[in-house]
Each structure stands twice: as C-alpha cells, then as structure tokens.
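Notes follow once the structure below has been shown.
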Amino acid sequence: MRLELVLGDITEQHVDAVVNAANSSLLGGSGVDGAIHRRGGPEILRACRALRAGAYPNGLPAGQAVATTAGLLPAGWVIHTVGPVYSEREDRSQVLRSCYRESLRVAAELGARSIAFPLISAGAYRWPVRNAIELALAELRSAPWPDAAGTARLVLWQPQTLALARDVLAATTGPEPGTA
Ligand code: AR6
C-alpha cells in the first residue's frame, strides 16, 4: 500500500473514502466533522441519524468506525470514526490506533482502494500532534490492506503539521519517496 502525506482539506480529497474525526453522537461537530457535514450536505446527517436509529442507538464507541454516503463530497464514502480525548492520566493510544485500523477494515469491506485520513484526535480532542502522527503512521504502515496498489493518504491541515509528519516518516523509514 502506498502512503501519502499531503497538505489540504479532507473534504476536497478525490479518493474512494474519506475518514471523519467524529464524536460518538455521529450528529456533527466542529473541525473535520463540521467541514464534512457542511460540504457534504444533509445526506450524510440523514445517514448518520439512520445509524443512530438502527445499529448504534447509544452512538459509536471510540475506536470504532462506520461508513455512510459521502453526499456531495468528491469521495465515494465517509468513514466515521471516534478518536479518544487525550488524557495525561490514562494511555488511550490503543484506542487511537484502533481508529485507523478499523477505518481501514471498513474501507476494505467496501472495496475502497484509496482512503484519506485527517489527524484524528489532534484538534478538539487535544492529542499531542507529534504523537498523533507517530501513531497514525505506525498503523497505516503496518495495517493489512488487501490491495497492494491501494493508497492511504494522511491529510494535514497546517504546513507545520505536514513538515512534522515528513520528519516523523523520514526518521522511521529514510526519505519519503514521491511525496506531493
Ligand atoms: N481537513 C483536514 N484536517 C482538518 C480540517 C479539514 N477541513 N479541519 C481541521 N483539521 P478535529 P478531533 C485538522 O478537531 O481532535 C469535532 O467537534 C485539525 O487541525 O477535527 O478528533 C467532532 O465532532 C486537527 O489536526 O478532530 C468531535 O467532537 C485534526 O484535523 C471532535 O471535534 C483533527 O481535529 C473530534 O476532535
């Protein structure tokens, strides 16, 4: 699987599936979640309400992932996942790792060949950015992916976050081939 780091807006990614950094309610919020619902239109919220009325009456637990239509977005699906809120007292990194793994699993089930992730938990949920990048890259590089030609893209919102992600990747693999 090819791993890409790009600067940009998750709502503008032309991939099979984009991942939403949602909350358990699945009913919207700020940051990535707000942007996805705003740009994707009401169809996504309708699909999320249907999930709450059906399989997830109590909401989506942190670390899990579920897909809906992408509405008006250029992507084919939105995969909603719920990151953990950062805690200094409790190590929740397995939950954060699970968000990436479960999203990839759902994407594979859908037959998606390309997927774009935001940096889950690194905004409103206050996860330290470098560690959020380290966990994201570790999962994206090790997760089983049925399609060897598939692409996983990590979309960074700020230039300094992209620079940090490139540093982290280079520190673990050597210079990154073919980055945008
Ligand atoms: N495209 C790509 N990245 C973005 C965008 C965008 N349009 N907007 C922000 N980021 P966050 P979380 C970056 O807060 O920490 C919501 O209210 C941002 O700079 O979206 O998992 C939900 O409903 C940061 O690096 O997600 C939840 O309640 C990263 O995306 C809660 O926030 C994640 O920031 C989830 O918080």
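See the values below:
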| item | result |
| --- | --- |
| Residue satisfying condition, being on the phi < 0 side of the Ramachandran plot, more than 9 Å from the ligand (Cβ to nearest atom) and among the acidic types (Asp, Glu), within set Asp16, Asp33 | Asp16 |
| Top-ranked residue in segment 50-59 [being in contact (Cβ under 8 Å) with a residue 12 or more places away in the chain and outside any loop (DSSP other than H, G, I, E, B); ranked as surrounded by the most Cβ atoms within 10 Å (Cβ to Cβ)] | Leu51 |
| Positions within segment 148-180 being within 15 Å of the ligand (Cβ to nearest atom) and at pLDDT below 85, in sequence order | Ala180 |
| Members of segment 7-41 found to be of a type in the set (A, V, I, L, M, F, W, C) and crowded, with 17+ Cβ neighbours inside 10 Å, listed by number | Ile10, Val15, Ala17, Val18, Val19, Ala21, Ala22, Leu26, Val32, Ala35, Ile36 |
| So Ala112, is it aliphatic (A, V, I, L, M), more than 28 Å from Arg89 (Cβ to Cβ) and more than 15 Å from the ligand (Cβ to nearest atom) | yes |
| Lone unmet requirement of (1) assigned to a helix (DSSP H, G or I); (2) out of contact with any strand residue (DSSP E or B) (no Cβ under 9 Å at 6 or more places or on another chain) for Ala47 | (2) |
| Residue, surrounded by the fewest Cβ atoms within 10 Å (Cβ to Cβ), within segment 115-137, restricted to residues that are within 13 Å of Glu4 (Cα to Cα) and more than 11 Å from the ligand (Cβ to nearest atom) | Leu137 |
| From Arg38, Arg46, residue being away from the ligand (no atom under 15 Å from the Cβ) and more than 19 Å from Val95 (Cβ to Cβ) | Arg46 |
| Residue in segment 2-9 that is of a type outside the set (A, V, I, L, M, F, W, C), in a strand (DSSP E or B) and within 23 Å of Ala143 (Cα to Cα) present | yes |
| Residue in segment 17-27 that is in a loop (DSSP other than H, G, I, E, B), closer than 27 Å to Gln160 by Cα and in contact (Cβ under 8 Å) with a residue 60 or more places away in the chain present | no |
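The values are calculated or read from the model by the stated rules, or taken from the named source; none is laboratory data. Because the structure is a prediction, the values reported are computed rather than measured. In this analysis, Cβ positions are derived from the backbone assuming ideal geometry, glycine residues included, and neighbour counts consider all displayed protein chains.
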